[in-house]
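What follows is one structure encoded as structure tokens, with my remarks underneath.
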Amino acid sequence: MTMKFYRLGIGLLIISFNLLCSFAQEVTLEGFKIDTLKKDFLDRCVLRVYYDTTIKQDTLDKNVKRGVTLLQIGKKSSKFVDFFQHYTDSLHDQMARRMEHQAIASEVASYQFSLFSKIVFRNQVFRDYPTLGRNVVRLGTELGEFYSYDEEQVSFDWDTTSKEEKIIHGYRCHKATCIYGGRVYTAWFSPELSYKLGPYVFGGLPGLIFEIADAEGEFAFSLRAIIPERGNEDPIFWIRSSNESFGNKEQAWRQILERHRNILFEIDEGKFIKEEIPYNPIERY
């Protein structure tokens, strides 16, 4: 199997190759805890796959949100996450080291918030976790909450009878279609990379998914870059969150839909307004 690798094309992702290696002990920076996130180490990443991602978060809005998502592939498990979520989570300790503890806490917090605000796809997927053959899916909100569940890995009923092919980044890709979560998807996968994985929970094809999009054009993932991991720079980890609740799949989706319908904003001390945030779920329930 010959692998072809491509440059990411935007400066921040190039710089992230060195910045995304943070996995150290807690460091305090002028009274501000830089690494306040407790992590569970799951695996060592052997391949990173970046996808250009477009999402139509609000069906009444003609505009789409554009971002980048990351699939970390390890020997035993994998993680799919928004790049800026991953970058924010990984930044804390590395920033403290690079700034030699001279940064102002407010500047650090402001920079982290600017990264957090760039997150487009707030759901995370951990495959073969907590056990082989199961996934943990975390449904995230714009306020940093998670509604999570674990399930057996999805068995997709892919239709691979199409003879259509196309070249994507130098790889010969084949067409496949399926129905999942109330949407019809078209995927392009390449047997040249034998990983049976792809964005979000998608997988099960005889090769890595390079592109996948629903028929309505509301969710689309398109390969941007493939980077092999050298050494131990990029661990796959689980960030523990105090703002996380676990249930079954139906409960988690019901909770996150209800959360977007009932967002409270404080406009003055003791005074709140209730607002519904547009939410077009990737899985319809």
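Checking the stated criteria, Lys163 turns out not to satisfy the condition of being of a type outside the set (A, V, I, L, M, F, W, C) and under 15 Å from the mean Cα position of the chain (by Cα). Any residue at all in segment 185-202 that's in a strand (DSSP E or B), closer than 27 Å to His260 by Cβ and either in contact (Cβ under 8 Å) with a residue 12 or more places away in the chain or open to solvent by less than 30 Å² (accessible area, probe 1.4 Å) (or both)? Looking for residues that are in a strand (DSSP E or B), closer than 27 Å to His260 by Cβ and either in contact (Cβ under 8 Å) with a residue 12 or more places away in the chain or open to solvent by less than 30 Å² (accessible area, probe 1.4 Å) (or both), one finds at least one in segment 185-202, hence yes.
As a summary of the residue check, Ile226 satisfies the conditions (1) farther than 20 Å from Cys45 by Cα; (2) touching a residue at least 12 places away in the same chain (Cβ under 8 Å) except for the one numbered (1). For Leu223, the requirement of being out of contact with any Cys (no Cβ under 8 Å at 6 or more places or on another chain) and either polar (S, T, N, Q) or in a loop (DSSP other than H, G, I, E, B) (or both) is not met.
Do you know which of the residues in segment 38-60 that are under 20 Å from Phe221 (Cβ atoms) and assigned to a loop (DSSP other than H, G, I, E, B) is modelled with the highest pLDDT?
Step one: filter segment 38-60 for residues under 20 Å from Phe221 (Cβ atoms), giving 45, 47-59.
Applying the additional criterion that residues be assigned to a loop (DSSP other than H, G, I, E, B) yields 56-59.
Values: Lys56: 93, Gln57: 83, Asp58: 79, Thr59: 75.
Residue satisfying both the conditions and the ranking: Lys56.
Exactly one residue out of Ile227, Ile273, Ile277 is among the aliphatic types (A, V, I, L, M), surrounded by 12 or more Cβ atoms within 10 Å (Cβ to Cβ), at pLDDT below 95 and farther than 30 Å from Arg172 by Cβ, and it is Ile277. Please verify whether Ile263 is closer than 22 Å to Ser77 by Cα and either modelled with pLDDT of 95 or more or not aromatic (Phe, Trp, Tyr) (or both), treating the condition exactly as stated. Criteria not met by Ile263. Selection within segment 203-219: residues that are touching a residue at least 60 places away in the same chain (Cβ under 8 Å) and crowded, with 21+ Cβ neighbours inside 10 Å. The member of this set that is nearest to Asp159 (Cα to Cα) is Gly203. Selection of segment 141-165 for residues being in a strand (DSSP E or B) and more than 23 Å from Phe210 (Cα to Cα) yields Phe146, Tyr147, Ser148, Tyr149, Asp150, Glu151, Glu152.
The values are calculated or read from the model by the stated rules, or taken from the named source; none is laboratory data. Treat the numbers as computed from the prediction; the structure is a model and nothing was measured. Virtual Cβ from ideal backbone geometry, glycine too; neighbours counted across all protein chains shown. Accessible surface areas use protein heavy atoms only, side chains included; no ligands, DNA or RNA. Shrake-Rupley method; radii C 1.70, N 1.55, O 1.52, S 1.80 Å.
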